[in-house]
Amino acid sequence: MPPVNDAFPHYLEFRHVSKTFDLPVLVDCSFHANAGETLAIIGRSGVGKSVSLNHIMGFLKPDSGRVIVAHQDITGLPESDLRLIRRKVTMVFQSGALFDSLTVGENILFSLELREDYNESNRMEVVRGLLEMVDLAEHEDDFPSDLSTGHRRAVAIARALAAQPECILYDEPTTMVDPIMSDRMASLMLRLKRQLRLTSVVVTHDLDLMRRVADRVVVLFEGRVIYFGPVAGMEASPHPHVREFLAMDRVDFTA
């Protein structure tokens, strides 16, 4: 676990973050996650879920407020310092963002070779170990186009883990996958959290996934936080838009 900064005790934190493009996307948003926790961000399309992930990665900067990542205020950091933060925090994109011309094993090897402690002598052992961790050992020589959507996302997770991050961000990990693969993805995320003690943020519309993996949940509505707290507290929230969201089973809300 990284050392805790007294000024920034939470591993991830938004402090009164606002962001406007043509219209306000995030409005005075505050929430946090401690090291080793999983935070779910949920809400309808366009409420700022993926924009929040991009702020955590430093791809976007807030118009006002502060963004804390890895116990450090990254709001005003230059790109050179943000690259150091991105060694600690990695994102698994909804598309998987794999290299189509490389095999599954080569995709993971590409990420492995970016590490400073890269050891060429045991590189394939590490690749196979990561594939075993995500239950895809038999697909090492396949190409991404040979795999299902869910399997491509699992490969993307293995590739992200090759960088040995402290924190992993998941963008809609169960969108467009069948219920069996959705269940496997949730089990994988829980296993990584427990075995590797990863801090995680998951943007999702999948309430079953949220209930299984999240310690805390942020509900966004019209760019504002209308609920932040434990999952059980959300279930009891009287807010009408939270109640409406809970009443929906599994509707495809893309961030």
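Things worth noting here:
- Failed criterion for SER145 (all others in (1) more than 20 Å from ASN54 (Cα to Cα); (2) among the small types (Gly, Ala, Ser); (3) within 15 Å of the chain's Cα centre (by Cα) hold): (3)
- Residue check, THR199 buried (at least 19 other Cβ atoms within 10 Å of the Cβ), in contact with a Leu (Cβ under 9 Å, 6 or more places away or on another chain), at pLDDT 90 or above and of a type in the set (Ser, Thr, Tyr): yes
- Evaluated against (1) more than 25 Å from ILE85 (Cα to Cα); (2) acidic (Asp, Glu); (3) under 16 Å from the mean Cα position of the chain (by Cα), GLU166 falls short on exactly one condition, (1).
- Qualifying residue in region 2-14 (condition: touching a Leu at 6+ places or on another chain (Cβ under 9 Å), under 20 Å from TYR170 (Cβ atoms) and surrounded by fewer than 17 Cβ atoms within 10 Å (Cβ to Cβ)): no
- Identity of the residue in region 166-180, more than 21 Å from GLY58 (Cβ to Cβ) and surrounded by 18 or more Cβ atoms within 10 Å (Cβ to Cβ), that ends up modelled with the lowest pLDDT: VAL177
- Pairs where the first residue, in region 143-161, is among the aromatic types (Phe, Trp, Tyr) and the second is outside any helix (DSSP H, G or I) and surrounded by fewer than 21 Cβ atoms within 10 Å (Cβ to Cβ), C-beta under 6 Å, 6+ apart: PHE143/THR103
- Highlighted here are the strands (runs of 3 or more DSSP E) found entirely within region 15-134 that include at least 3 residues which are closer than 21 Å to VAL203 by Cβ and over 19 Å from the mean Cα position of the chain (by Cα): 24-33.
- Selected residue [surrounded by 17 or more Cβ atoms within 10 Å (Cβ to Cβ) and touching a residue at least 60 places away in the same chain (Cβ under 8 Å)] from LEU60, LEU98, LEU109, LEU77: LEU98
- Qualifying residue in region 137-149 (condition: surrounded by fewer than 16 Cβ atoms within 10 Å (Cβ to Cβ), assigned to a loop (DSSP other than H, G, I, E, B) and of a type in the set (A, V, I, L, M, F, W, C)): no
The values are calculated or read from the model by the stated rules, or taken from the named source; none is laboratory data. Quantities reported herein were computed from a predicted structural model and do not represent experimental measurements. Neighbour counts run over all protein chains shown; Cβ positions are idealised from the backbone, glycine included.
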